[in-house]
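The values are calculated or read from the model by the stated rules, or taken from the named source; none is laboratory data. Everything numeric here is computed off the predicted structure, so don't read it as measured data. For neighbour counting, all protein chains shown are included, and Cβ atoms are generated from backbone atoms with ideal geometry for every residue, glycine included. Just the protein is used for accessible areas: all its heavy atoms, side chains included, with ligands, DNA and RNA removed. Shrake-Rupley method; radii C 1.70, N 1.55, O 1.52, S 1.80 Å.
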Amino acid sequence: MIHSRSPRSSEIPDVHFPVVIVGAGPVGLSLANELSWRGIRYLLVDREEQPLGFPTGEAVNTRSMEHLRRWGIADQARFSGFPPDLRRDIRFRTRIFGHELARIERPSNRQQQLDMSSISPEGAIWCPKFALDPLLRRTLEQDTSKTYAIGWDLISFDQEGDQVMLNLRSVATGEARIVRGSYLIGCDGAASGVRKSLGISMKGRFAEGKNISVHFRAPSFRQAMGDDFAVMMDIINPDFKANLTSVDGSEQWRLTLFARGEDPSGIDPHSLVRAAIGSDLPFEILDTKSWVGHTVVAEKWRDGRVFLAGDAAHLLWPRGGFGTNTGIGDAVDLGWKLAATLQGWGGKALLDSYQTERMPVALRNVSEAASNYAAEASLPVPAEIELPGEAGEQARKTLSDLILETRSKEWRSIGVQLGYVYEDSPICCDDGAPRGPDDPGVYVPSTRPGARAPHAWLASDRSTLDAFGTGYCLVHSGELDSTFASAAAATGMPWTTLALSDPDIASIFQRRYVLVRPDGHVAWRGDNMPSDWMPVLHRAVGAL
Ligand SMILES: Cc1cc2nc3c(=O)[nH]c(=O)nc-3n(C[C@H](O)[C@H](O)[C@H](O)COP(=O)(O)OP(=O)(O)OC[C@H]3O[C@@H](n4cnc5c(N)ncnc54)[C@H](O)[C@@H]3O)c2cc1C
């Protein structure tokens, strides 16, 4: 628990950081990468020396991969951590070696990128936290201005004037240290002390179901599965419902039992794994975690100079792999706005737009994850499901049809990944075009203000996304005069332009002029240049 207190000024050493990030989980590390990419100095604090903990997260989605691509590490994520040519199929079975009820086919990490290439230069991948977090950390090693306080606990903080005072304590020695930051970002996870000390509550549905997950190593298990391998297998039988996940495509696995209200903490993990994988395969339990599913979002994401991101701001069912990915989206949105503010060209409204833009995305993703959970929880388990003969076959066929009808959407979520639009954003210029449908399974490229600007290949390995750069980019297929450059220079914003000569790509951008923000979302579009760029650019940098 963090307590707010005012340190005596004589205790404060002359250590000041533009940004202090508390929490070196995937979200804090992503924010550090975004800031580092933009040349912003930060302090990254985590109480854990090796904050890897339990394997909670393998599904890295397409939008997150596009962010990793900007940081130059998408290929490393794709080709490490999980065999790049192993298919990522999802299976539903009565038992691991029992009857197959349904299968959702999904290509390998490598093939997925190729299959997605008409809408993204990247594709979703399977990459365990054990590989992703160290990769995100290794990238930071090249940043000579980085500062880590790993093994340090944030004990309290206090906002004074234009800075935040932080009271840190070394976990190993108990040594106390006070540092100052212009901004504090709480990426400190589900039990966020930063959020609690600000008195910010979560709103939504708490404790909807109790579960237990067991992380185990079974070297011969994958071989025993043979062609039946799946990155995820939902096991459905009259005794239990469970989920088996391949963590690394090799010997590490996670078995999750949905305990449906019973307290699972007394369950023996050995018996659980033994019951699931069969009688004679050797295995070793690595860790066990009891967890509760929530559908909640923080009521406020900012208090003065303190912001929340990732699990500190939203908690959702791990059904669809939206948790880390939503947090990485928070980190990118907040990262460029912090950079703009610290570099002096971001206006006063810019940081406030973080909550306006990201909270609706969190509410949408939390709700989609809850609907995936509900679809899973409501699947009936007919008593005949494991019987041989016609009765069993009929029961399995009925359930199979229901699974394919209600459960496929969890793994067909390209709309969730790429289709969110920052509607009602104060830093985007609404052009009055009607809102499109927000279908979790469908992505339609759009330059509607607030949408992710579309991908198209400019060359065999160069996407429009690669051309946007770190600042604003005016993408144009119409003539450009000097008015944009003069107005952009007057605001101090970093900018570039991208001329589209290919009519097919120009048509994807829907208007002759599209202003793309530093995070790749559209700020403004039009078929003609505005008679005065200043109102457009002032809005885009948050200065209106
Ligand atoms: C079974 C399961 C499967 C999941 N699968 C997926 C998936 O496939 N895809 C996906 O996107 N998401 C998945 N999730 C969700 C995902 O794990 C979380 O959303 C994600 O870990 C949140 O990251 P974070 O960085 O916000 O927080 P965390 O990973 O919790 O990191 C918080 C960090 O803050 C540090 N910290 C906390 N307090 C302090 C303090 N006072 N001082 C210093 N340090 C502090 C902690 O040590 C920790 O390192 C899954 C979750 C579960 C439970």
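Points to keep in mind about this one:
- Estimated translational D of the chain in µm²/s (Stokes, Kirkwood radius over Cα pairs; 20 °C; 1.002 mPa s): 87 µm²/s
- Phe283 accessible area, assembled protein chains, probe 1.4 Å, Å²: 40 Å²
- Global geometry of segment 399-473, whether rounded, prolate or oblate, following the gyration tensor of its Cα atoms and the 1.5 cut on a/c: oblate
- The mean accessible area for residues of segment 332-432, using a 1.4 Å probe and ignoring ligands and nucleic acids, is 40 Å² per residue.
- Solvent-accessible area, 1.4 Å probe, carbon plus sulfur percent, for the chain: 50 percent
- Local electrostatic count, Pro55, Cβ distance below 9 Å [Lys/Arg +1, Asp/Glu -1]: -1
- Of the residues Ser108, Ile427, Val247, the one whose Cα sits farthest toward the positive end of the charge dipole of the chain, with +1 on the Cβ of Lys and Arg and -1 on the Cβ of Asp and Glu, is Ile427.
- Shape class for segment 32-126: oblate, because the ratio a/c of the largest to smallest gyration tensor axis (alpha-carbon atoms, square roots of eigenvalues) is 1.5 or more and b/c is at least a/b.
- As a rough guide to protection, the peptides 478-489, 200-211, 293-304 ranked by mean Cβ packing within 10 Å, highest first, stand as 293-304, 200-211, 478-489.
- Per residue, the accessible area of segment 128-233 comes to 41 Å², computed with a 1.4 Å probe over protein heavy atoms only.
- Efficiency of FRET between Ser118 and Leu404 - r from beta-carbon atoms, R0 30 angstrom, step 0.05: 0.75
- Under 18 Å from the Cα of Lys196 - aspartates and glutamates, other chains or at least 8 residues apart: Asp46, Asp153, Asp158, Asp188, Glu299, Asp303, Asp311
- Taking the Cα centre of segment 11-147 as origin and assigning +1 to Lys and Arg Cβ atoms and -1 to Asp and Glu Cβ atoms, the resulting dipole is close to 540 debye.
- Within-15-Å neighbourhood charge of Ala485 [Cβ basis; K, R +1; D, E -1]: -3
- At the residue level, Asp85 shows approximately 100 square angstrom of accessible surface with a 1.4 angstrom probe and all protein chains present.
- Separation of the Val292 and Thr144 label points, Cα + 7 Å toward Cβ, nm: 5.0 nm
- Relative protection proxy for 89-96, 31-38, from highest mean packing down: 31-38, 89-96 (other beta-carbon atoms within 10 angstrom).
- Each of Trp457 and Glu100 was given a label point 7 Å from its Cα along the Cα-to-Cβ line. The distance between the two points is 3.2 nm.
- At the residue level, Arg87 shows approximately 110 square angstrom of accessible surface with a 1.4 angstrom probe and all protein chains present.
- Within straight-line reach of Lys241, meaning a Cα separation under 20 Å, sit the following lysines at least 8 residues removed in sequence or on another chain: Lys210, Lys289, Lys397, Lys409.
- Straight-line cross-link reach from Lys203 at under 16 Å between alpha-carbon atoms covers these lysines, not counting any fewer than eight positions away in the same chain: Lys300.
- Net charge, Ile96 excluded, C-beta distance under 12 Å - Lys, Arg +1, Asp, Glu -1: +2
- Segment 451-544: Cα Rg divided by the 2.2 N^0.38 Å rule of thumb: 1.01
- Heavy-atom accessible area order for Leu458, Leu168, largest first, 1.4 Å probe: Leu458, Leu168
- Between Val381 and Ser182, the FRET efficiency estimated from the beta carbon spacing at R0 = 56 angstrom works out to 0.55.
- Looking at segment 481-544, the accessible area is 43 square angstrom per residue; that uses a 1.4 Å probe and ignores ligands, DNA and RNA.
- Extended-chain gain in nm, criterion 0.36 nm per residue less alpha-carbon gap, Arg205 and Ala391: 63.1 nm
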